[in-house]
Amino acid sequence: MIDNDKKYFAIMPKLNSRRVDMLLEDVIGCRWTISVLRAVASGVRRPGALERSIEGISTKVLNDRLRHFTRAGIFERVQFPEIPPRVEYRLTAFGKKFLKLLREVEKLQEELNGN
């Protein structure tokens, strides 16, 4: 672990466990997790745009996922001092590393599917 990671973990909100396997289980526990992560990683950052780009997700579930990912240190919530208020979500450095894990899971699924 490099010094930047140590500093980040020191200020990151505390979860039930900092073990990656527990975090992975906690984050993947919702069927919308991958869709939300993919959308933000591809550049969709505003809640309304996320809701429009993820077919079938409700506002309540989206807001829950966004709060959860922010608490877990995967997303950063950026609020702009404008009227009307504007909020964007971005992957943190830790979130980018975490996304690599999910991409490996996707690769495994593709191998199992014979692609």
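The values are calculated or read from the model by the stated rules, or taken from the named source; none is laboratory data. This structure is a prediction, so every number in the text was calculated from the model and none was measured. Positions of Cβ are backbone-derived with ideal geometry, glycine not excepted, and every protein chain shown enters the neighbour counts. Note: accessible area is taken over every heavy atom of the protein model, side chains too, but ligands, DNA and RNA are not part of it. Shrake-Rupley method; radii C 1.70, N 1.55, O 1.52, S 1.80 Å.
Of all residues in the range 38-52, those satisfying the criterion of being under 18 Å from Arg86 (Cα atoms) and open to solvent by 20 Å² or more (accessible area, probe 1.4 Å) are Gly43, Val44, Arg45, Arg46, Pro47, Gly48, Ala49, Glu51, Arg52. Taken over the range 84-105, the criterion of being more than 21 Å from Glu51 (Cα to Cα) and β-branched (Val, Ile, Thr) is satisfied by Val105 alone. Scanning the range 68-115 for residues that are in a loop (DSSP other than H, G, I, E, B), closer than 19 Å to Arg31 by Cα and in contact with a strand residue (DSSP E or B) (Cβ under 8 Å, 6 or more places away or on another chain) yields a single hit, Ile74.
From the residues in the range 79-95 that are in contact (Cβ under 8 Å) with a residue 24 or more places away in the chain and either surrounded by fewer than 16 Cβ atoms within 10 Å (Cβ to Cβ) or within 15 Å of Arg46 (Cα to Cα) (or both), which one is nearest to the chain's Cα centre (by Cα)? Looking at residues that are in contact (Cβ under 8 Å) with a residue 24 or more places away in the chain and either surrounded by fewer than 16 Cβ atoms within 10 Å (Cβ to Cβ) or within 15 Å of Arg46 (Cα to Cα) (or both), I get Leu91.
Residues of the range 61-115 that are within 17 Å of Ala39 (Cβ to Cβ) and of a type in the set (Asp, Glu): Asp64, Glu76, Glu88, Glu106. Of all residues in the range 98-115, one or more are modelled with pLDDT under 90, surrounded by fewer than 15 Cβ atoms within 10 Å (Cβ to Cβ) and on the phi > 0 side of the Ramachandran plot.
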